[in-house]
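The structure under discussion appears below in the form of structure tokens.
All of the numbers you see were taken from the coordinates with simple rules; none came from a lab. Every value quoted in this text rests on a predicted model; they were computed, and no experiment measured them. Reconstructed Cβ throughout: ideal geometry from the backbone, glycine too, with neighbour counts over all protein chains shown.
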Amino acid sequence: MNEDQPLAIDKLSNRFGVRDILFAVKDTTFITSLLYYFGVLTLMPGYTPFGELIFKIPNLVVRKLYVERLKEMALPNVDVLEESNRVIRIFYQTGDLQPLCNFMEETYFALFNNRDLRWANELTIKTAFLSLLFNDTFYIMDSEKALRLEYSDLTMIVRPDMRRFQLQDMLLEFKYVSLGKNKLTCEKVRAMSMTELKNLAPVQTALSESKTKLTGYRQTLNKVYGAKLRLRVYSVVAIGFDKLVWVEL
């Protein structure tokens, strides 16, 4: 899902017999080759600086398959899935991000444990939100929309045939604040109010960086789409896997 660091392998596997499927080592080369032959990864022109083959998700239809699978893995319970749909609808219609952030903290973040924190970054948070918010019926979805040769984290533009409904255009930028690097603990963060969280120095820095980028992105989108755009712009900062702080610009 990470377009900044595309999947790369030395060579494609050229056989997939029953024995291979059952017993072969399922390393990156094997899985990448399998997904390529199934058509859910595509081979890009050119190579990495190390001569590796480069792969990417071919289109939004296939990206949707990946996103839906992530959501199914994370939310196997029907009741929880229904609750996720409820808070998502609130966000689509009103632009209120807090119910979705509450759901994310209470449900999605509960899937991660302390060992996962060392792998966490902005991509982790973006992917979590993308797996919930992806909706290509209502929106033109783009997780890395090119804006003046830079990239916004998540852009959701209402489709022309859906503009008659009460839907908002969305632009979101995600930041991640590590607990360990900033001498914070889960217990301390969970006990803090939203005002206290927003006043933390690393959170202030993240929000400021995000605001600078979003201001430019918004100007570009307004020029492209004009007066029909009902754009809501958000900066979202994750503090570990414990709290989400957000600001609408």
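Hey, got the dipole for the chain? About the Cα centre, +1 on K and R Cβ, -1 on D and E Cβ, debye to the nearest 20?
So the magnitude is around 460 debye.
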_Can you return the aspartates and glutamates within cross-link range of Lys71? Criterion is Cα-Cα under 14 Å, with same-chain partners fewer than 8 residues away left out._
Asp79, Glu82, Glu83
*asked:* Multiplying the sequence separation of Lys11 and Thr42 by 0.36 nm and subtracting their Cα-Cα distance, what value in nm do you get?
replied: 9.8 nm
_Output wanted: per-residue J couplings in Hz (rounded whole) for the stretch 32-37, from phi through Karplus 6.51 cos²θ - 1.76 cosθ + 1.60, θ = phi - 60°, x for Gly and Pro._
4, 4, 4, 5, 5, 5
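Under Stokes-Einstein, with the Kirkwood radius over Cα pairs standing in for Rh, what whole-number D in µm²/s applies to the chain at 4 °C and 1.567 mPa s?
It comes out at roughly 65 µm²/s.
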*Tell me which lysines have Cα within less than 27 Å of Lys211's Cα, excluding those fewer than 8 residues away on the same chain?*
Lys126, Lys145, Lys175, Lys181, Lys183, Lys188, Lys198, Lys223, Lys228, Lys243
